[in-house]
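Every number here is computed from the coordinates shown, using simple stated rules; none is lab data. Every value quoted in this text rests on a predicted model; they were computed, and no experiment measured them. Every residue, glycine as well, gets a Cβ built from its backbone with ideal geometry; the counts of neighbours run over all protein chains shown.
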Amino acid sequence: MEKEYRFQETGGKQISDYAQLPHFLGLEPLNALTSNFRLCHFAALALVLLALLEALAQVDSKKMVRTQCGVRPRACYSICFLPLPALPASHCLQSLQKQHQVCGDRQLEAGSTKWPSEKTTAWARYPHRMNSLQKQDLRRPKIHGAVRVSPYQPPTLASLQRLLWVRRAAMLSHIDEVWPNLFLGDAYAARDKNKLTQLGITHVVNVAAGKFQVDTGAKFYRGMPLEYYGIEADDNPFFDLSVYFLPVARYIRTALSVPKGRVLVHCAMGVSRSATVVLAFLMICENMTLVEAIQTVQAHRDICPNSGFLQQLQVLDNRLGRETGRL
């Protein structure tokens with residue numbers, strides 16, 4: 001239902017809608033002006049708020065990153081131009097380099113995953129002191145970098161047997177020189193007087209002496225310029241040959257010390273009993289380990305001591321190792 005309004009200023013004109021009042025008064029509509037002003041005001045406020053929120057978000061994100069990295073916020077000031085007295089150019093360059101180094105260190109601490117080491121920072125800050133420390137470090141022996149020599153490990157019986165079967169010749173000669181002026185041979189070589197004279201043998205050690213073995217003896221070599229030493233030993237793993245190690249080693253050493261002294265050590269085959277005695281001599285008088293003695297002899301003649309003799313040599317190797325400090 002429409003209402004009617006009368007105004008004296010309008011000359012008594014009747015209007016049917018209050019929205020037409022500004023038109024009759026000669027004014028623009030207030031609703032349009034008010035709405036335009038409000039929209040502009042709200043738009044400006046919205047832009048300001050958005051700018052503030054964005055700035056606060058950036059500050060919060062930086063604080064969060066520094067908090068996670070465990071770094072307190074530090075200010076890295078730039079170069080300020082102040083009215084100071086003139087300084088030499090070298091002093092200015094040094095101050096710029098120091099400030100650049102400090103800024104770089106702080107940037108690495110704040111954002112980089114590659115942390116600067118203490119040695120690098122100290123080198124940049126105190127070069128003269130680090131030079132003196134480096135010189136002292138060069139003079140100091142490098143104990144931690146030295147190579148540790150592993151102690152001698154006694155060989156097992158299985159490893160010794162494998163070592164003896166590494167090199168096997170197709171043919172076995174009757175006599176071989178296994179050490180300077182020390183020969184290892186069999187019964188055939190011990191009975192060959194012409195061969196002994198040709199080689200200049202001065203001493204014979206028979207490790208298979210006895211009536212039912214290589215029965216030569218001192219009578220067999222009568223009239224020859226050589227000495228005889230006999231041991232009645234059996235090629236049996238249960239035979240104790242170790243009781244002869246030291247006496248025979250001393251005898252061979254004495255014989256080799258004679259001018260032009262040459263020694264023949266033999267048994268029936270020249271591979272077990274006589275080879276064991278020669279190995280014991282090298283270990284006792286030449287300060288060799290059991291493995292070194294086997295390799296030395298085996299380089300010139302195939303040998304094969306039985307398991308019992310090898311165990312006796314192992315005992316000798318351990319005893320000599322303890323006495324010499326090798327074990």
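Assorted remarks:
- Cα pair distances in the range 274-316, grouped into 5 Å bins until the bin that holds the longest one, percent each: 5, 26, 39, 23, 6
- Label-reachable residues, the range 215-247, where backbone N falls under 16 Å from a point 7 Å from Lys195's Cα toward its Cβ: 215-216
- Beta bridges by DSSP in the range 175-299, antiparallel share as percent, to the nearest 5: 30 percent
- Lys211-Phe239 pseudo-label distance in nm [points 7 Å out on the Cα-to-Cβ vector]: 1.7 nm
- Across the range 157-321 the C-alpha pair distances fall into 10 Å bins from zero in the proportions 11, 43, 36, 9, 0 percent.
- Per-residue Karplus couplings for the range 50-57, computed as 6.51 cos²θ - 1.76 cosθ + 1.60 with θ equal to phi - 60°, are listed in order as 4, 5, 5, 4, 5, 5, 5, 5 Hz, Gly and Pro entered as x.
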